[in-house]
Structures are given as C-alpha cells and as structure tokens.
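We did not get these values from a lab; they are worked out from the coordinates using the rules stated. Please read these numbers as outputs of a predicted model, since none were measured by experiment. So basically every Cβ, Gly included, is an ideal-geometry build from the backbone, and we count neighbours across all protein chains shown.
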Amino acid sequence: MAECLAEHLHYPLVAREIIQEAASELGVSEADLSRGMERTPRLWNRQSSERRLYIAAVQAALAEQVAGGDLIYHGRAGQVLLAGLPGVLKVRLIAPMDLRLRALTESEGMDSASAEQYIRHVDAVRARWVKMMYGKDVEDPVLYNMVINLKTLSIPAACSIVTKAADQPDFAVTKEVKLKLLDFRQACRVKLALAKARDTRSLDLRVEADGKEIDVFGAAPALSSGKMGEHIVDVARTVEGVETVRLKLEWFDPYP
Amino acid sequence: MTAECLARALGYPCVGREILQEAARTVGVPVEDLSERLEARPSLFARLTQERKRYLLAVQTALAKHCVTGKLVYHGLAGQFLLRDLPGVLSARLIAPLETRVQTLTSSHHRMTQKAAEEFIQTVDEERRRWVKLMYGADVEDPSLYDITVNLQSISLDTACVIIAEASAQPQFEVTAEVRKRLEGFGSECREQLLGMGG
C-alpha cells in the first residue's frame, strides 16, 4: 500500500529510516531503541526517562523528514507522533483476520497457527504501547483521518482513495502549514535536547514553538537551588534558532 | 449533507426517511408509529420482538427495492446491517468531534443552546449504540462494520464526498449483471420473508 502511494504521489517512502536516524542520534542500536520504546515500565523513573528519550528521538527524526518535504510514513505510531499537525493525512488500514493470515502465510511462508499467533501478538503490543504512551485506543477511528477496511476494498483501490484524499485542499501544504511544520520540528528538537540533558531528562515536558519563541509546559520540582527553570532555559537555548523560552510549568515540592 | 453531495456527484437518487415511509405504508401504520416501535427502548423489547422484526423487515424490503438498480445513496437507519455482505454496496461512516457536531446543530437550529445540543447528541448516540447492540449484537463504532470511516475533524464535507465517491468508483463496487441479479434476489427474499410474517 505504502509503495503504491509513493508511486502515485511521487513522495519518498519512510519507515525504518526514522528508527535508524533516531538510533544513530542517540548512539544505540536499532534493536535497543525499539525494545526501549516498547518496554513496560518496572523501574519507573529510569525506564520512563529512557523511553521518553527514545520517543523524543524518533519524533524528532520524523519531524525533520516531515518539515523537509512531502513523504509517506508507514511506521510506528505516526497517528500519535504527528497528532494535530496540519497537512498530514493519517490513514489506518484494517482487514479481517482471515485476509491477514492469508497475506502472512503467502509472503512469509508461515503456517496458519504461527501466523495467527504472530498477528495477535503484534496487535496486542501495539495496542498496549499506544495506550501506555498516549492513553489512546489504537483502534479508535478518531485518531485517524480515515479508516479503510480491506475486507472488500483491494490495496490498489485503497491506494486510489488515499491518493485522492491527499490531493484535496484540506491537506495542501500552504505557506502557513509549512510554518507550522517547521515550528513542530523546532519543538521536537528542543524536546529531544531536554530529554538528553542530564539536568532535565527526568522531566516529562511538552514543548511548543512559534518561530524563535519556545513554550515549555509540564510539572517540575521546585529545587532549593531554584535552578531547574534556568536549566530548562539553558538547554532549550542550545538548539539553533531559539531566542525566547517561556516556562509554563507547574512547580511541585519534591520532598513533601 | 454529504449524502446529498454524494448523490449529486454520482448522479444517484438519495433516500433516507422515504424508506421508513414506504415501510410504514407496507405494514399499514403511520410512519411515526413504525419509527417509535423500531427504536423502542430495551425495556419494551421482549414484548415487541415479533412486531419489531416485521417492521425492520419492511424497512429492509423497501430499501432492497431501491437497491435493485445498484444506484442509490442511502443515509438512514442501520444501512450497514440491512445491506450487509451484499455485493456492490459501499458502507461509509462519518465521524466528527462533539464540538463540530454541536456547532452544526446550533447553527441549523438557532433556538438550540450549546448545552441542549450536546445533550441531544449524546442521547441520540447512546440510543443508537444501545439499539445496534440489541438488534445486531455489534458496536456501532466498530470500523470493521464499514468499508470506510471518514473523520470530519480535519476533512470538510466536500472532501468527504470526494473520498466516498472515489471509493464507490472502485471495481469492487461495480454493479455488474451478476451483482444486479444478486440484488434482485435479495429483494425477492426480503419480500417473501415479509409476506411470511403477514405482509
């Protein structure tokens, strides 16, 4: 499907490259990055910081590509990593189990029982991950612009429909949309810098960008040194193009 | 609105409430009674089962009659179930955020407040969810019941219309002679079943 779309729309196809770029940015292997993103937290603080870092790196890699021009992304969690962005058409394909089984047994030479086990496992992991990270149900159609059911529609038919949708003015990359995508990229760069920096990596922060101005939201500990705010501003300013950093934080007492 | 836009784009007639009116005439009751009985709350279900089945079959028969040509846009009661698994039929669902739906409702009914519109939408959704669960044991929001689900959060009605028209133009929904025969057969089956229940 993604290949058919790339051919029709003449956009590059991006999937694994995003994980590769994120892994390379962090100096870890692709396998470690994928595992780290999916790991269910046990040692909450350490692992959640690590997972946040990995996800920030993946989102930043995706944001670089998205801001760089048109593309087709068929990879992990596009519907949540790019949620709320203009100019992005989010599509989900669904298919009945028998169709998915047939596709897998034919392409991978698996027997039917193993294929079913594999599909159920992948579905469960994906659903758990989206629930854990974003509190959303991966099957909820509100996360997507459209859901296409391959029970009756073929892949080439679905490809024609998505191509038509992508050509509509609702998804045109106008000058304003382009600016929003650049702001998104800048916000992702700052978020990644904060997730990497020693003084700020434990914080769960949300970042918005408007040109050279950055807003940082979230909860942060009110340290006796009073320096947490300074740390955040300093880290954000290390990102090229950042001039103003506004902190919109809720301060909490770390030793109540 | 999308149904009308789609009907214009495809050059097909658009039917909704007309189907209920035809069904009401067939079973010889006012359309309001038919609607009321069909949509009766679950507490009345046991008592009305036979009657409800007959009314629903009358609706299905009226719909089947219009479907025979293979050219129809239906926006009404339970199309995804009444025409389920029939060839040549594209089932589409439109969804939209509550705030969009409230805005649409208050702008078309000027006396309706935002709160009243919200309550109305929530009540209608809940009734529909309960009805579909009761009648078909399904979740009305399950995307696997439809060929395509379009979210109007960032898609305009005009674009939704273009998307659904494109879907309906795919070869899977072509009304071939074979498909037409199957649709005719479906119409006859519905009529016979309805006659078996007393017309």
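Listed residues B:A23, B:A3; which is among the hydrophobic types (A, V, I, L, M, F, W, C), part of a helix (DSSP H, G or I) and touching a strand residue (DSSP E or B) at 6+ places or on another chain (Cβ under 7 Å)? Break it down into steps so the answer makes sense when it comes.
Details: B:A23 fails: touching a strand residue (DSSP E or B) at 6+ places or on another chain (Cβ under 7 Å).
From the options B:A23, B:A3, the qualifying one is B:A3.
Could you pull out the residue among B:S154, B:S168, B:S107 that is within 14 Å of chain A (Cβ to nearest Cβ) and more than 22 Å from the chain's Cα centre (by Cα)? First the steps, then the outcome.
Values: B:S168 fails: more than 22 Å from the chain's Cα centre (by Cα); B:S107 fails: within 14 Å of chain A (Cβ to nearest Cβ).
Being within 14 Å of chain A (Cβ to nearest Cβ) and more than 22 Å from the chain's Cα centre (by Cα) holds for just one of B:S154, B:S168, B:S107, which is B:S154.
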Among (1) under 23 Å from the mean Cα position of the chain (by Cα); (2) surrounded by 13 or more Cβ atoms within 10 Å (Cβ to Cβ), where does A:E240 come up short?
(2)
If a residue must be more than 9 Å from chain B (Cβ to nearest Cβ) and free of Cβ contacts under 8 Å to residues at least 60 places away in the same chain, how many such residues does segment A:151-166 contain?
0
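Name the residue that is surrounded by the fewest Cβ atoms within 10 Å (Cβ to Cβ), counting only residues in segment B:175-199 that are among the aliphatic types (A, V, I, L, M) and outside any helix (DSSP H, G or I). Can you show your working first?
Taking segment B:175-199 as the starting set, the residues that turn out to be among the aliphatic types (A, V, I, L, M) are B:175, B:177, B:179, B:183, B:194-195, B:197.
Now drop any that are not outside any helix (DSSP H, G or I), which leaves B:175, B:197.
Values: B:V175: 17, B:M197: 15.
The selected residue is B:M197.
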May I ask you to list the residues in segment B:132-159 that are closer than 26 Å to B:G88 by Cβ, touching a residue at least 40 places away in the same chain (Cβ under 8 Å) and in a helix (DSSP H, G or I)?
B:V132, B:M135, B:Y136, B:P143, B:L145, B:L157, B:D158
Does at least one position in segment B:105-122 carry a residue that is surrounded by 15 or more Cβ atoms within 10 Å (Cβ to Cβ), β-branched (V, I, T), in contact with a Lys or Arg (Cβ under 6 Å, 6 or more places away or on another chain) and over 28 Å from B:R52 (Cα atoms)?
no
Among (1) aliphatic (A, V, I, L, M); (2) within 11 Å of another protein chain (Cβ to nearest Cβ); (3) crowded, with 17+ Cβ neighbours inside 10 Å - the single one A:A77 does not satisfy:
(2)
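Check A:V122, A:V130, A:V142 and return the single one that is β-branched (V, I, T), surrounded by fewer than 17 Cβ atoms within 10 Å (Cβ to Cβ), more than 14 Å from chain B (Cβ to nearest Cβ) and assigned to a helix (DSSP H, G or I).
So the residue among A:V122, A:V130, A:V142 that is β-branched (V, I, T), surrounded by fewer than 17 Cβ atoms within 10 Å (Cβ to Cβ), more than 14 Å from chain B (Cβ to nearest Cβ) and assigned to a helix (DSSP H, G or I) is A:V122.
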